[in-house]
Amino acid sequence: MWDYTEKVKDFFLNPKNIGEVENPDAIGEVGSIVCGDALRLTLKIDKETNRILDAKFQTFGCASAIASSSALTELVKGKTIEEALKITNKDIADFLGGLPKEKMHCSVMGMEALEAAIANYKGIPVKVEEEGRVVCKCFNVTEEKIRKVAIENHLTTVEEITDYTKAGGGCGECQAEIEEILKDIWSVKAPEKPSKPKKLTNLQKIALIQEVINREIRPGLQADGGDVEIIDIEGNKVIIALRGMCTGCMMAGVTISSIQEKLRELVAEDIVVEAQ
Amino acid sequence: MQTIYLDNNATTKIAPEVLEEMMPYLTDYYGNPSSMHTFGGQLHKKIEEAREKVAALLNAKPEEIIFTSCGTESDNTAIMSAVESYPDKKHIITTRVEHPAVLNFCKHLSRKGYRVTYLPVNKFGQLRIEDLLKEIDEDTAIVSIMYANNEIGTIFPIQEIGEILKQRNILFHTDAVQAVGKIPIDTNKLPVDMLSLSGHKLHAPKGIGALYVRKGTRFYPYLIGGHQENGRRAGTENTASIVALGKACELAAKNIDDEVKYLSRLRDKLESSLLKLCPDTRINGDVNNRLPNTTNISFEYVEGEAILLRLNEYGVCASSGSACTSGSLEPSHVLRAIGVPFTAIHGSIRFSLSRYNTEDEIDKVIEIMPSIIKNLRMLSPFGRDKLPKECR
């Protein structure tokens, strides 16, 4: 069962803005019934101000597809088309309090429908998917789309690309090709990681280490019946003790180095983690 | 809110009689059946009694039953035993619609150098005997074909296939996890060498299964260690669950004919009502030859996960072949194999009943389902007139 937020459930069970606006000024259609999800977005736009007066949707798809579509209509109403164009799939997901990662493609579909509708309003002919080189033949995903979504969402693995675009999720034949595209994107520009604070006082550092361990490390260990405790922090050295199932676990070494990696990523690069 | 559980091909409720029977072996009688003292050793007798009950349901001999931990272990054991027993034979035949316990195990073996043939099925999910005959050769170590399909309920002609394979002296395994306890099976007449069953599909707990191995069949154990199960499956016996499986089989054997009638009546009522009340629906699978408790219905223009979550709001539990419910993006391999169009797979719902379902529950589903479908279709950009031509 998917772990949907209350807001996703609410927007699925009681979706807002369903149907089609009368005499729409813009129509955006994406997806297909064969792929398993499709969205038709219609907008009423004030031609003087370019402001979106009304938005309605029709969606074929799962709960998160319906909720994402409804969220999109709520997000765009009242915005000018310039403002609306700045909406990304992440905004849709955030509006819903987050989506399971396997369902992020639902938010991408929302963003694409909006882009298609605005292009339609501006009189730009709808970009035919075939124009770009199709990488994933099962779901008809182009290289252009993979690049765009990867860069916007800092995606670095094939699985993430599948979660966001479905590409690679059918027969799996194109996975090597997606890997190449990702290599190409990120060899030029490393993905922006959440930036870590520049300079920390000792107290701040200790607090941050505790926070990272509590937030990022312990839930995973606890799920496997283990745990970790901070024993002491001396300068850049963090001394920890593994507890529960982690004690004497063959993978303890791996666990410790992954804790170190996480702390280096989020606190400071020179951190060394040692077991008590 | 009352739960209406119509997902019994996924798992079933533990029968109260079963729970009662197993309870003492979780509390007071915790000994090891292999022990020398009476406290543990006396449990050995309980295990043998349970074995007799499982055997009785299948009309088998008690020594032909090996207890395992689940249906998957039984399936893996059967296939592995065949390839270990006949090391020169490198060919396995199965079908495209097997449970992952067989399908993925065969894929695993194909990476190890085995040749695996996956037999196709027709639009009703039926096999063609000619296809099987074409594929059999001297290199074939085992044929593994499910008794009944978990998603659509189609029953395979195991009798006919078994007779053919027996003539040719080829080992035959059937994954009968969905069939045992739901329809009568008589291994005395059925020419199979090995047969898998699983406890939690017939009102025993999860974590217990069994493999029937016909007397005289070459067998090689999968779990190797202690001498339990006559050296055919190592590991300390799961006494409580074994006792539970015995009781569950006894209950099934006692009521099976009445249950077949009861379940097919409720199932048919549910199915025909939904088909009548919801336009643009279709039944997937072979309506004339399937499990009495299963129906798989496609609702066009709407997606399965959305239907399930709307049903969930009423406490109704079912399942879907839609890609969105699978964790991967792959829609049901069974529905694809029987050629259901993608559009209909996305909107497929499986209802699977058990003896604990009541007519009131079925009536409740019949009452709520049409409005759920209608409501979701109102949300959908597709419909009878709106659907693109290539999808019709």
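The values are calculated or read from the model by the stated rules, or taken from the named source; none is laboratory data. Treat the numbers as computed from the prediction; the structure is a model and nothing was measured. When we count neighbours, we look across all protein chains shown, and the Cβ atoms used for this are built from the backbone with ideal geometry, even at glycine.
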Report task. Under 9 Å between Cβ atoms, at least 6 apart or on separate chains: pull out the pairs that start in segment B:152-172 with a residue that is within 28 Å of residue B:320 (Cβ to Cβ) and end on any residue that is acidic (Asp, Glu) and at pLDDT below 95. Result -> B:152/B:286; B:153/B:286; B:154/B:286; B:155/B:286
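Matching residues to (1) of a type in the set (A, V, I, L, M, F, W, C); (2) touching a residue at least 12 places away in the same chain (Cβ under 8 Å); (3) within 14 Å of another protein chain (Cβ to nearest Cβ); (4) farther than 24 Å from residue B:374 by Cβ:
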site	(1), (2), (3), (4)
B:290	no, yes, no, yes
B:297	yes, yes, no, no
B:300	no, yes, yes, no
B:303	no, yes, yes, no
B:334	yes, yes, no, yes
B:343	no, yes, yes, no
B:346	no, yes, yes, no
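Which of the following residues is surrounded by 15 or more Cβ atoms within 10 Å (Cβ to Cβ), touching a residue at least 12 places away in the same chain (Cβ under 8 Å), at the interface with chain B (Cβ under 8 Å from one of its Cβ atoms) and in a loop (DSSP other than H, G, I, E, B): A:15, A:24? It would help to see each step written out before you state the result.
Numbers: A:24 fails: at the interface with chain B (Cβ under 8 Å from one of its Cβ atoms).
That would be A:15, the only listed residue that is surrounded by 15 or more Cβ atoms within 10 Å (Cβ to Cβ), touching a residue at least 12 places away in the same chain (Cβ under 8 Å), at the interface with chain B (Cβ under 8 Å from one of its Cβ atoms) and in a loop (DSSP other than H, G, I, E, B).
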Query raised in the report: Checking residue A:105 against (1) outside any helix (DSSP H, G or I); (2) within 30 Å of residue A:13 (Cβ to Cβ), which single condition isn't satisfied?
Result: (1)
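For residue B:282, indicate whether it is within 22 Å of residue B:178 (Cβ to Cβ), assigned to a helix (DSSP H, G or I) and among the basic types (Lys, Arg). Walk me through it before giving the result.
Numbers: within 22 Å of residue B:178 (Cβ to Cβ): yes; assigned to a helix (DSSP H, G or I): no; among the basic types (Lys, Arg): yes.
For residue B:282, the condition - within 22 Å of residue B:178 (Cβ to Cβ), assigned to a helix (DSSP H, G or I) and among the basic types (Lys, Arg) - is not met.
Let's see how each residue does on (1) within 14 Å of another protein chain (Cβ to nearest Cβ); (2) under 26 Å from residue B:265 (Cα atoms):
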position	(1), (2)
B:311	yes, yes
B:314	yes, yes
B:324	yes, no
B:354	no, yes
Report task. Determine which member of the set B:338, B:362 is in contact with a Ser or Thr (Cβ under 9 Å, 6 or more places away or on another chain), farther than 17 Å from residue B:293 by Cβ and crowded, with 20+ Cβ neighbours inside 10 Å. Result -> B:338
**Report entry** Some residue of segment B:199-222 being under 28 Å from residue B:348 (Cβ atoms), modelled with pLDDT of 95 or more and touching a Pro at 6+ places or on another chain (Cβ under 8 Å)
**Finding:** yes
Report summary line: Subset of segment B:141-164, residues over 24 Å from residue B:188 (Cβ atoms), touching an Asp or Glu at 6+ places or on another chain (Cβ under 8 Å) and not in a loop (DSSP other than H, G, I, E, B), comes to B:154
